[in-house]
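J.: Take a look at this one; I'll ask things after.
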Amino acid sequence: MSLPPWLAATAARLVGAQRAGRLPAALLIHEDPGAGGSLLALRFAQQLLCREHTADGEACGQCARCRRVQQDEHPDVRHIVPDPELKSGQISVDQIRETSALLAMTAYEGGGSLVVIRPAEAMTRAACNALLKTLEEPRAGAHLLLLTSQPSRLPATIRSRCLTLRAPAPTRAAALAWLGQQRPAGAGEWEAALDVLGNAPLAALDHDPAALRALRDDCVQMLEQAVAGRLDIVRVADRWAKDELPLRLSAIENHLTRRALEGAGGGGGSGELRPAAHLPAALQDINIATALRLLDEVRELRMQLHTSLNRPLAMERHLWHVSAAVAR
Ligand SMILES: [Zn+2]
């Protein structure tokens, strides 16, 4: 997969750093969710290990090393992800100790070596402390890349030792154009995917856009019925609790966010102006203060999904609040 256009400027900074002989030993990529930070990490690995850079200094993407990096088969590139054995979804201190040992070793192929930790905020406190020791004693040629969409959850002591690069979300138009090039979909399906997931094109690629359109349409229809006071709240809350609740909450959050932004006279998070006509009629009837209050509630619910939340009851309560959002 080639690098999406919205990451080109960031990638160019890496090429420039390498040409100046200053490729950072510790890099933190702060990505907006689904914006493609992992593709930047891949590009960094190729930049580091390629032996046939183009005249412009970019990794060729074609040589044996570049291809092995792409296929995740290069022995000098390691990915540290949450231990599937740990239900907490965390990266353990043992995993980081292994990493430190790897970084201390000479690279197999005599080039550089790279350890990618993603998502970096999944590291436990003990794991972060172990990583700090590694960062304090870097070996020449060993590189560390932390990928995160929530850098504020990393200790400042780690952040301050890394060069931070941004992988920003694209505009909605750029995301749609890129998705259409990657994979054809039915009319309006990629739009629906972004309605559900936000401007997160890489995340959208992992889903069936037709299914996301059906899910979005169901959410919008039920919200409209709720606002109109015609929804069978208990039945729908029960159904949603069992069926793709995280995606549904994400869709509702994105719709409410747009309602709040449009009401405030601003554009989308990417600076685009989106006409209110794109919003379901029911949401246009909700005033900004109420939209913001509902938005807080949805965000809170999303954070509680990992707890033993009583999902049907929580959804029921939220839908009651939606149904009370417009005075009739
Ligand atoms: Zn190459």
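J.: Looking at segment 59-72, which of its residues are within 8 Å of the ligand (Cβ to nearest atom) and part of a loop (DSSP other than H, G, I, E, B)?
T.: Ala59, Cys60, Gly61, Gln62, Cys63
J.: If you scan segment 22-58, which residues turn out to be within 10 Å of the ligand (Cβ to nearest atom) and free of Cβ contacts under 8 Å to residues at least 40 places away in the same chain?
T.: Gln46, Gln47, Cys50, Glu52, His53, Thr54
J.: Additional query: Go through (1) at pLDDT 95 or above; (2) more than 27 Å from the chain's Cα centre (by Cα) and name the single condition Ala226 misses.
T.: (1)
J.: Restricting to helices (runs of 4 or more DSSP H) lying wholly in segment 157-272: which have 1 or more residues that are surrounded by fewer than 15 Cβ atoms within 10 Å (Cβ to Cβ)? Write out each step before concluding.
T.: Values: elements: 172-182, 189-197, 201-205, 209-227, 233-242, 245-263.
Answer list for segment 157-272: 172-182, 209-227, 233-242, 245-263.
J.: Please count how many residues of segment 288-308 are among the hydrophobic types (A, V, I, L, M, F, W, C) and part of a loop (DSSP other than H, G, I, E, B).
T.: 1
The values are calculated or read from the model by the stated rules, or taken from the named source; none is laboratory data. Bear in mind that the values here come from a model prediction, so they are computed numbers and not experimental data. Heads up, the Cβs are rebuilt from the backbone with ideal geometry, glycines too, and the neighbour counts pull from every protein chain shown.
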